[in-house]
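Undergrad: Encoded as structure tokens, here's the structure I'll be asking about.
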């Protein structure tokens, strides 16, 4: 009787031991974990010395264009007011000719001012592109130095630990490198 119980316990212990070993072998063991970090590309540009300088320049251009637009608007309102005053003193045909000329002038000014705004936007976009061309090798060296294998834009990440964001340290590294 004791022998039967001993065999029963022995067989169960063996089954449990072998079962646990087989489960442990079904899951892969990763020796190297992948290092992933996030970076806020907008902040990288706007908070870097390079980006701040570009944005300050853009702000000056936009302000100048805005002042110019207000000045033009005031002059056109005055001209329109003059047209309205003389409307009663000239023939309909003469007024229509003046109104058409005024309308063409306004359209031309709008196109010129829109072109100036487009040029400001092009200036900003070209400088952003140039910035990222210059900082890409710096960032590659930096992430290699940190042992980071993957760098993601912060906007595309749903959740990340606070320590995974390297934006501020990358800005400092870029400012240091671009000064030289």
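Where a number appears in this text, it was derived from the coordinates with a stated rule and is not lab data. In this text, all values refer to a predicted model and were calculated from it rather than measured experimentally. Cβ placement follows ideal geometry from the backbone for every residue including glycine, while neighbour counts extend to all protein chains displayed.
Undergrad: Test of understanding: ordering 159, 139, 83 by Cβ neighbours within 10 Å, fewest first, what list do you get?
TA: Lowest to highest Cβ neighbour count: 159, 83, 139.
Undergrad: Now for a separate question. For 88, 105, which order do you get if you count the other beta carbons within 10 Å of each Cβ and list the fewest first? Provide the component values of the computation, followed by the final result.
TA: Details: 88 7, 105 12.
Least crowded to most crowded, the residues run 88, 105.
Undergrad: At a 10 Å Cβ-Cβ cut-off, how would you order 157, 38, 135, fewest neighbours first?
TA: 157, 38, 135
Undergrad: Based on alpha-carbon centroids, what's the gap between segment 53-77 and segment 97-121 in Å, whole number please?
TA: One Cα centre to the other: 15 Å.
Undergrad: Applying 1/(1 + (r/R0)^6) with R0 = 25 Å to the Cβ-Cβ distance of residue 78 and residue 55, what FRET efficiency is obtained, to the nearest 0.05?
TA: With a Förster radius of 25 Å, E is 0.10.
Undergrad: Can you work out the FRET efficiency for the pair residue 129 and residue 71, with r the C-beta to C-beta distance and R0 = 45 Å, to the nearest 0.05?
TA: 0.85
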